[in-house]
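What follows is one structure encoded as structure tokens, with my remarks underneath.
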Amino acid sequence: MTTVTEAPAPPGGATGVRPVGAPVDRVDGREKTTGAARYSAEYPYPDLAHAALVPATIARGRVTRIDTDEAAAVTGVLAVLTHLNAPKLKPARRPTPFDLSGAVSGTPVDYLGTDEVHWDGQPVAVVVAESLEAARHAARLVRVGYEESPATVDFAAELDHAEPDKGNPVQPGRTVKGDAPAALAAAAVSVDLRFRTPPYNHNALEPHSTTAVWDGDRLTVHEGTQHIGWLRKHLANRFGVPADGVRVVSTYVGGAFGGKFRVWAGTLLAALSARAVGRPVRLMLTREEVYRTVGGRTPSVQRVALGARPDGTLTAIVHTAITRTGRSGGDVEPVTGVTRHQYACDNILAEQKRARLDVLPNTTMRAPGESIGTFALESAVDELAVRLGLDPIEVRMRNDPEVGPVDGKKFSHRRVREAYAAGAERFGWDRRDPRPGSMRDGRWLVGMGVATAYHPALMMGAQVTVRLSAGGSVLVRCGFHEFGNGASTAQTQIAAQALGVPVEAVTVEYGSSDQPVGPMGGGSIQTASVAADLLAACEKVRREVLDLAGRSPDSPLRGCAPGDVEARDGGLFRVGRPGAGETYAVILGRAGRGEVEAAVGTGSRLAGVAGQARSFGRALRGLRGFGRAATGAQFCEVRVDSDTGEVRVTRWTGVFDIGTVVNPKLAGSQLRGGIVMGLGMALGEETLVDPRTGRIMNPSLAEYHIPVHADVPRIDVHVLDDPDPTMPLGVVGAGEVGITGVAAAVANAVRHATGRRLTELPITLDQLL
Amino acid sequence: MAEVRIRVNGATATLDIEPQVSLLDALREHLGLTGAKKGCAQGACGACTVLADGERIVSCLALAVQYEGREITTVEGLADGERLHPLQKAFIAHDGLQCGYCTPGQLCSAIGMLAEHRAGAPSAVTEQPPGLPEAPSGPPPVLSEAEIRERMSGNLCRCGAYNGIVAAIQEVAATDAEMTR
Amino acid sequence: MRPFTYVRAGDVAEAVREAARPGAKFLGGGTNLVDLMREDIERPSTLVDITRLPLAEVTEPPGGGLRIGALVRNSHLAAHPLVRARYPVLSQALLSGASAQLRNMATVGGNLLQRTRCLYFYDGAAACNKREPGSGCDAIGGFNRYHAVLGTSESCIATHPSDMAVALAALDAVVEVTGEGGTRRISLGDFHRLPEGTPHLETTLRPGELVTAVELPELPVAARSRYRKVRDRASYAFALVSVAAALEVRDGAVGAVRLALGGVAAKPWRAHEAERVLLGGPATEEAFRQAADAELAAATGRPDNTFKIELARRTVVATLRQLAAEAGTA
Ligand SMILES: Cc1cc2nc3c(=O)[nH]c(=O)nc-3n(C[C@H](O)[C@H](O)[C@H](O)COP(=O)(O)OP(=O)(O)OC[C@H]3O[C@@H](n4cnc5c(N)ncnc54)[C@H](O)[C@@H]3O)c2cc1C
Ligand code: SF4
Ligand code: FES
Ligand code: FES
């Protein structure tokens, strides 16, 4: 077991320290702390122009009049683009198994292609000007007249009209095992609760920004994205240019959380504007524009009903959810997914519906499904424990499944019990007096709560090249995504270990379409996906080096099979025979080779298509074999002010099973980050959509409350460093599991502190007065 | 257009800008100093924090003209050549950053905060017994975790690197205290 | 942001003269004004930068009390030893507002004159009588969790967001202003206006008048004072409800009291009625509750903000209870 602490790291990669598992410092820490790191709005171009959007102020209808004269007259304005004069985009493609890139389209709406308005905030014009100030000022002067059509924007009012969700390749919209309603009715003890979660916005601190530069039919975009490969293809498709000529640079991404997975108006309109004015154009969305043009998380209304025997054995689980999509796009968030995996039970009903509204389409946001699904499920389990008079951990342990409760699949790995055991001890769960309201500290009511964290593990394919040079340095190239997840550091460590060189000897090039195509940076799949192909490429390098060595009669490695040697100390050595081996410098030098290079997943252009299919195939195969997930146990202590109802989280312990931990320091940060975002969900965040107009009313970091320093206690994170036998290096992925269960743990702690079961997020003091 | 002279990281910069240009945009768009970040331009996130004559401010709500003649320090001005400022080192060692976008603001803010603290400035969590007969004097309050959190609350971090940031600041504050003792 | 002319005033007379231009506004720290200009809500044609005027001192006038220059930064005022010692409620109120960065920029004058954070006021697409007289009020049927419960009208239910001003209201502060017509003094209670039918008129300041100072009278009870701010985040959030209170207990009875509420009205709400109920009576929880009830009897809530009435009641009681307890132990 590894305890993640804040202690400074031992120097990474020193001889004797295995790079994988070492708390190596972030490889880009220096750039990020000195201001040298360039984000996508920070690339200088001599001729740069600036763009600003004009968002619609109606939810649905048509633009009938658009007066751009005043805007065009502002000094420095180069163009005012509207549906009347803008170059047309090609329609977005639907994703196919051979070209999934259409999946990154946030919406099929043709920005500036028609006079139609599909949501409040949809851009209806773009102003391009010499300066940022002129563009922004002129954008305010564009006058737009509308013909409004009846719009459906009130989620609460549409619940009765929600339609069944058809599901997707990963998860059906409805899952039935046994007869849950009947079992519920017959249960000795039951709970039946309704939950509400509000819309949320990612609010990556870097607003979506695009710098677009055309050179004939060739396009360069600097853009923070979670899918370089798909963004590139999507841009090529929308602009009708060859994908080879589109270059995407995404080295530094100022936070993403799912919000930079899809392509939204800003990206397309920046490139469109650049083409129209024949100059490089930068569009850094204002915070308000991020809210109005980049999808967020759907609101949800959920019901969880549980039936149990007096000993706590579950006999029925019903979890239904209604979420929202835009009429012009958005996928159903798989809110009930977790319920199909978490608890053993003979009768399970999980079902999803969707309401289609005339609002900005929703999109993926950190742990789509599980983050809000676990709030409902884990709150209900807690309430059941109260009714049963049992400890909430006890109830969970009693129902911890041996195999997938619905699909019957074996788990590749499941350590929920161990996570709870370790967490209970670290947190001091035994100090909890189970009686609600029984623990007081002055004016504060103290409560403790737990919840289970869960996030499924997937893998996709990557294209990777590895070059080992005679001097012992290693260059890894793969266009994966680094948005704070620590991917560049983790892959550096993995390559260092695979080739037996110090971490300092490895350079990883990532974050652009100049490199071989990486997997998406989302779904917590990236580390494992890249690792699989990086390891394969390193293996190829080692074989070739061994082959080179074997050609020399002098080599102590002559005659060795790949399994007989290991990479360490900057070369290959016979397993168990220290000293019996050679450094890369010796082997390559003798062979007269400056370097050895291997590629996985790349090659001809056809390989690109094949790679896509291979990647998709890997994802689906992975689903078939085993039940695989990152899991954890969240422990929370809250204090509730007995006068005002203010809730403050004062202690946290999270114990997680994320398979092998490549870098405990960075994994700890990822998990903490998830927990912090979960605290925001639980206690403060809510995107206010006016039910009268469909307009977002708090598009501001002042009025949308993400947690600040003072809201976040010291978070004790602990990882069970236990490899998943079915994953490369045993890695599962840590990006999303941290946020799951958090809101429930908070709500359960509030229940314990006050005796009140709160089922609506965010939990604000008015609910506790 | 007006000519505006400000001192940035020890050098004098002359800008030919409209009065609407914020200090943040002057730094980023006109001086090529993109270290200070724009997270909201609403004064609500702290990513644009810089030091003006040693005091931390949000440069997005500052008009550049108004800062004429003032001494501005940005994240680019913290290191001494290749030698990182102790706080920069501590941020890396404690992993007080993830995506790095809030980091320049956190760093500048922390430096300003430590100076405020040295000068004895209280915060909202500084316990101050009411009814002090005299002006408070004596050493500044101890920089507990709670103090650091409150004082740094003007700097949002969506990645949630707060624990590492607090640890880094605490470490530097401790050596700071040693030195001033 | 619309283009404007920038003028830097060298002295008060020049500032007042420049402010006489149509469409001119004073620029203090800019933390509210620049934000609203960017939102196209404020559209000054001239900005008169007053931050280099010699009004950044805190001094002790011969007659007692404290004179605070209008350009004293919020952070400096909060840290000022005399403020901390004699008017802790003011220091605490300042420190609970905004962030350290903003407090380093914000001035006393600007803080008093900051405008509401009503979501519909901030949104140019919404109807708002304050922003556009006669257009209506979208907040009344919309999101109004942060809105007022006291002194509202059918025209506007916005709150004044300042924390500092709540403490000043409790402390009987006086605002000194200078305009072309000379210098006058306005008691803080008369400085901000309730909306009635004209929510766009927020203060009794005349066009072009400059706030030059705020004066605090000598007020012994203020040494035993506290500011309690209740908000959604632990820091860096506007008040849902706040209470500024000063209390002196003599032999178990209330000898002197000052009480003001924030987050509940278009102005910092001096709780005269509650003070009247408390003065001379027992310093007990029961009495505190009666006083709060008396003050809040006239409060009316909207669907999102009715909770504020109960919250205000509880916060008043809790703050007075704490002050009474401290008086008991000191
Ligand atoms: C994100 C954020 C959070 C905040 N949170 C809080 C909070 O929790 N509590 C709180 O109280 N405040 C809060 N504030 C508001 C902040 O306190 C005010 O913006 C600040 O006090 C205004 O002071 P300023 O000097 O910057 O004013 P400016 O922005 O310069 O001016 C504001 C107005 O006052 C006028 N003015 C300025 N000085 C004078 C003068 N001397 N005479 C006449 N008119 C003058 C200006 O013309 C303008 O109309 C917050 C602000 C932001 C951006
Ligand atoms: S409450 Fe006042 S400020 Fe808000 S919309 Fe109504 S009139 Fe405008
Ligand atoms: S960019 Fe200045 S505070 Fe957010
Ligand atoms: S490191 Fe990403 S916002 Fe702080």
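The values are calculated or read from the model by the stated rules, or taken from the named source; none is laboratory data. What you are looking at is a predicted structure, and each value in this text was computed from that prediction instead of being measured. A quick note on method: Cβ atoms are made from the backbone with ideal geometry, for glycine too, and the neighbour counts reach across all protein chains shown. Surface areas here come from the heavy atoms of the whole protein model, side chains and all, with no ligands, DNA or RNA. Shrake-Rupley method; radii C 1.70, N 1.55, O 1.52, S 1.80 Å.
Summary table below
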{"quantity": "Global form of region C:223-278, assessed from the alpha-carbon gyration tensor, a/c cut-off 1.5", "calculated": "oblate"}
{"quantity": "Solvent exposure, largest accessible area first (probe 1.4 Å, DNA, RNA and ligands not counted), of C:D138, A:D441", "calculated": "A:D441, C:D138"}
{"quantity": "Interface size C-A, as summed buried accessible area [1.4 Å probe, Å², nearest 100]", "calculated": "2800"}
{"quantity": "Inter-centroid distance (Cα atoms) of region A:623-665 relative to region A:669-693, Å", "calculated": "15"}
{"quantity": "Size of the B/C contact, given as accessible area buried on both chains, probe 1.4 Å, in Å²", "calculated": "3400"}
{"quantity": "Dipole axis of the protein assembly as shown (+1 Lys, Arg; -1 Asp, Glu on Cβ), positive-most option in A:L390, C:P195, B:M1", "calculated": "A:L390"}
{"quantity": "Between region A:123-155 and region A:505-573, the Cα center-to-center distance that results, in Å", "calculated": "52"}
{"quantity": "Dipole of region C:80-221, positive direction: furthest Cα of C:T107, C:G142, C:V214, with charges on the beta-carbon", "calculated": "C:T107"}
{"quantity": "GNM flexibility winner over chain C from C:S242, C:S155, C:S225 (Cα, springs under 10 Å)", "calculated": "C:S155"}
{"quantity": "Cα gyration tensor, region A:64-104 - rounded (a/c under 1.5), prolate or oblate", "calculated": "prolate"}
{"quantity": "Mean separation of Cα contacts under 8 Å, 6 or more apart, over the residue count of chain A: relative contact order %", "calculated": "17"}
{"quantity": "Members of region B:106-129 that become less accessible by 30 Å² or more once partner protein chains are added (1.4 angstrom probe, chain alone as reference)", "calculated": "B:P122, B:A124, B:Q128"}
{"quantity": "Total charge dipole magnitude, region A:488-589, about the Cα centre, Cβ charges on Lys, Arg, Asp, Glu only, Debye to nearest 20", "calculated": "300"}
{"quantity": "Residues of the protein assembly as shown: accessible area per residue with a 1.4 Å probe, Å²", "calculated": "33"}
{"quantity": "Shielding by other protein chains, A:519-526, mean Cβ within 10 Å", "calculated": "0"}
{"quantity": "Heavy atoms of B:E55: accessible area, 1.4 Å probe, square angstrom to 10", "calculated": "60"}
{"quantity": "Accessible area of A:M459 in the full protein assembly, 1.4 Å probe (Å², nearest 10)", "calculated": "20"}
{"quantity": "Gaussian network model of chain C, springs between alpha carbon atoms under 10 Å - residue of C:G197, C:G109, C:G151 with greatest fluctuation", "calculated": "C:G197"}
{"quantity": "Solvent exposure, largest accessible area first (probe 1.4 Å, DNA, RNA and ligands not counted), of A:K410, A:K166", "calculated": "A:K166, A:K410"}
{"quantity": "Dipole-positive endmost among A:G229, A:G258, A:P169 within region A:136-259 (Cβ charges, Cα centre)", "calculated": "A:G229"}
{"quantity": "Of the DSSP H helices in chain A, those whose Cα atoms cover at least 27 Å axially and whose Kyte score averages 0.0 or more", "calculated": "A:526-550, A:664-683"}
{"quantity": "Unit charges on C-beta of K, R, D, E only; dipole of region B:1-149, Debye", "calculated": "220"}
{"quantity": "Relative contact order, percent, region C:8-98 [alpha-carbon distance under 8 Å, six or more residues apart]", "calculated": "22"}
{"quantity": "Helix-only mean residue ellipticity at 222 nm for chain A, each DSSP H run of n ≥ 4 adding -39500 (n - 2.57), per residue, nearest 500", "calculated": "-8000 deg cm²/dmol"}
{"quantity": "Under 10 Å, Cβ to Cβ, from C:D304 - net charge with Lys/Arg +1 and Asp/Glu -1", "calculated": "+2"}
{"quantity": "Highest-first arrangement of C:190-196, C:32-38, where packing means the average Cβ count within 10 Å", "calculated": "C:32-38, C:190-196"}
{"quantity": "Region A:22-143 shape via C-alpha gyration tensor axes, a/c threshold 1.5", "calculated": "oblate"}
{"quantity": "Portion, in percent, of the accessible area of the protein assembly as shown that falls on carbon or sulfur, probe 1.4 Å", "calculated": "51"}
{"quantity": "Per-pair calculated FRET efficiency, R0 = 56 Å: A:V176 and C:R43 via Cβ, rounded to 0.05", "calculated": "0.40"}
{"quantity": "For C:28-35, mean number of other protein chain Cβ atoms within 10 Å", "calculated": "5"}
{"quantity": "Sorted peptide list for C:139-145, A:215-221, A:671-677, criterion being average Cβ within 10 angstrom, highest first", "calculated": "A:671-677, C:139-145, A:215-221"}
{"quantity": "Pairwise FRET efficiency - A:T75 versus B:E3, Cβ, R0 = 25 Å, nearest 0.05", "calculated": "0.85"}
{"quantity": "Protein heavy-atom accessible area occluded, B/A pair - total, 1.4 Å probe, Å²", "calculated": "4400"}
{"quantity": "A:A36-A:E425 pseudo-label distance in nm [points 7 Å out on the Cα-to-Cβ vector]", "calculated": "4.4"}
{"quantity": "Net charge dipole size for region A:650-699 [Lys, Arg +1 and Asp, Glu -1 on Cβ; Debye, nearest 20]", "calculated": "120"}
